[in-house]
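Data first, discussion second: the structure below is written as structure tokens.
Throughout, read-outs are computed from the coordinates displayed, never taken from laboratory work. Note that the structure is predicted; figures quoted are calculated from it, not measured. Cβ sites come from the backbone with ideal geometry, for glycine too, and all protein chains shown count toward neighbours.
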Ligand code: FES
């Protein structure tokens with residue numbers, strides 16, 4: 001229990017931190033679970049920013065520099081999404097069953113972008129996550145950090161339109 005006692009509070013109330021916590025817990029909050037924990041952050045949020053690095057580093061009691069070292073060494077980590085907006089389509093089982101693939105295809109088509117990439121105009125980074133912890137609201141999209149519940153094709157089109165209409 002001593003290990004969990006000193007665990008810092010999650011950076012935000014975002015449910016995705018629970019998934020990150022679950023990964024760390026599964027590995028007994030051991031330092032050698034660092035890469036897996038960061039990988040979970042990447043999967044859930046689409047990138048690993050400094051807040052996440054600090055949180056994971058503190059939770060596992062590793063120096064922040066070690067966490068930075070990991071994300072800069074492995075190419076599959078992204079420190080922040082390059083697009084102005086980030087759209088993470090959840091492709092976990094619950095969302096998949098409720099049509100996540102269609103939503104992903106729609107977004108990819110609308111912005112002419114592939115999963116994991118940013119649209120040419122730099123407006124949207126399209127990412128996927130395996131489960132963002134809101135299965136009851138499936139299908140879910142996380143738009144700029146906000147969970148959008150029960151996403152329909154119309155809702156997604158509206159979101160794209162809003163981003164498109166934004167000034168410069
Ligand atoms: S599968 Fe999408 S939120 Fe869990």
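Structure data summary
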| item | result |
| --- | --- |
| Debye log10 I(q)/I(0) at q = 0.24, 0.33 Å⁻¹ for the stretch 52-96, Cα point scatterers | -0.88, -1.07 |
| Among 11, 149, 82: highest mean-square fluctuation, GNM of the chain, C-alpha pairs under 10 Å | 11 |
| Potential extension, residue 130-residue 162 segment - 0.36 nm per residue separation minus Cα distance | 8.9 nm |
| Principal semi-axes in Å for the stretch 121-168 [√(5λ), Cα gyration tensor, largest first] | 21, 13, 8 |
| Overall Cα dimensions of the chain, principal axis frame, Å, largest first | 49, 32, 23 |
| Calculated FRET efficiency for the pair residue 105/residue 154, C-beta based, R₀ 22 Å, to 0.05 | 0.90 |
| Of 21, 144, 121, the one that fluctuates the most in a GNM where the chain has Cα springs shorter than 10 Å | 121 |
| Mean Cα-pair separation over length for the chain, i.e. relative contact order, pairs under 8 Å, 6 or more apart, % | 21 percent |
| Relative frequency of Cα-Cα separations exceeding 16 Å in the stretch 87-168, percent | 44 percent |
| Helix-derived mean residue ellipticity, 222 nm - over the chain, DSSP H n ≥ 4, -39500 (n - 2.57), to 500 | -13500 deg cm²/dmol |
| Modelled FRET efficiency - R0 22 Å, residue 94 with residue 115, Cβ distances, 0.05 increments | 0.70 |
| Separation of the residue 65 and residue 13 label points, Cα + 7 Å toward Cβ, nm | 3.8 nm |
